[in-house]
Amino acid sequence: MPFDVLLVDDHKIMRDGIKAILNRSSEFRVVGEAENGTDAVQFVRKCHPQLVLMDIGLPGLNGVETTAEILRHQPDCKVVILSMYDDEHSVVSAVRSGARAFVLKRASDNDLLEALRMVAAGGMYLSPQVSDRLLTRIQKGDLEARQTPQVLEALSPREVQVLRLVADGKTSKEIAVLLDLREQTVRSYRKTMMKKLGVNNVAGLTQLALSTGLTQAAHGSPR
C-alpha cells in the first residue's frame, strides 16, 4: 500500500512538479494539496494523511508553525519540510517543530524520494548539503542557531504565533481564521501579551517583534 501524502505549497507549479515525481513512484500517493497552513491543518484533521510535504515559507502560518499545529492535532503524522535555503535557523526551527526531514528544493528527485522513504520508515533526513554544513560548523565550534529572544521567553508558543501575525499586520479576525481560534480569544492573547511584555498598544507589540527578528518584515520569509 502506498503512503498517503499531502502537498503544501503556495505555488501550484511547485506542487505540480512534486506530484509528477511522486506519481512516478508506486510508494507514495498524493491525496491532497493545500496552498497555506490553515488549509493544511484542516486537511490533516479531516483526512489523516501519513506524510505531509511542506514548503517552509507559506503565507500566514509558515511551514514551521503549520508543522507544530499539525502535530498538535495529529501527532502520528510525519512532516517533511522543503526550503530554498539551508541556514541553520530554518533547519533547527523545523526540527524543533517536529518535522522529520529538511529537504532543499534544489535536491534531486531521488533525494526527495529517499527522504520520504526514510521518514515513512520512522527515520529522519537532512539534505546532504544541510548536514555537511551543520557538521562543519559544529566541528569548528561556531554553530549559533538562534534561540527565542529572551524578551519573548515569557510568552507561550501560541502567543508567539499570535504576536508574529499581529506584527505582520493581521487583524484579530484574520488571526482567528489562520489559527482556528475565536476572535475574542485572539483579543485576549493580545491583551495578555501586552501585559507580559510591558507595552500599551499594537504598535508597541509590532516594534518589539521587529526588534527581535520575529516577523517576516524583519528578515524575510524563508522559501
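Values in this text are rule-based calculations from the coordinates and carry no lab data. Worth saying up front: this structure is predicted, and the values here are computed from it rather than measured. Glycine also receives a Cβ, built like all others from the backbone with ideal geometry; neighbour counts cover every protein chain displayed.
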*Between ALA115, ALA209, ALA20, which gets the highest mean-square fluctuation from a Gaussian network model of the chain, Cα cutoff 10 Å?*
ALA20
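At a threshold of 8 angstrom on Cα-Cα distance, excluding pairs fewer than six apart, so keeping six or more, what relative contact order does the chain reach in percent?
On the way: 323 pairs, mean separation 35.6, N = 223.
Answer for the chain is 16 percent.
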*Taking H placed 1.01 Å from N in the peptide plane, check which residues at least 5 places from PHE3 or on another chain put their amide H under 5 Å from its amide H.*
PHE28, ARG29
*asked:* Looking at the chain, identify the longest residue range that excludes and avoids all GluC sites (Glu not before Pro) in DSSP loops having at most 14 other Cβ atoms within 10 Å.
replied: 28-143
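Of VAL31, VAL52, how do they rank once you tally other Cβ atoms within 10 Å and put the fewest first? Don't skip to the answer; put the middle values down first.
Values: VAL31 17, VAL52 30.
Lowest count first: VAL31, VAL52.
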*So which of LYS46/LYS191; LYS46/LYS105; LYS46/LYS78; LYS170/LYS191 end up more than 21 Å apart by C-alpha?*
LYS46/LYS191; LYS46/LYS105
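Take MET1, MET124, MET193, MET54 and order them by how many other Cβ atoms sit within 10 Å, fewest up front. Numbers along the way, then the final one.
Working: MET1 6, MET124 14, MET193 23, MET54 27.
Taking fewest neighbouring Cβ atoms as first place, the list is MET1, MET124, MET193, MET54.
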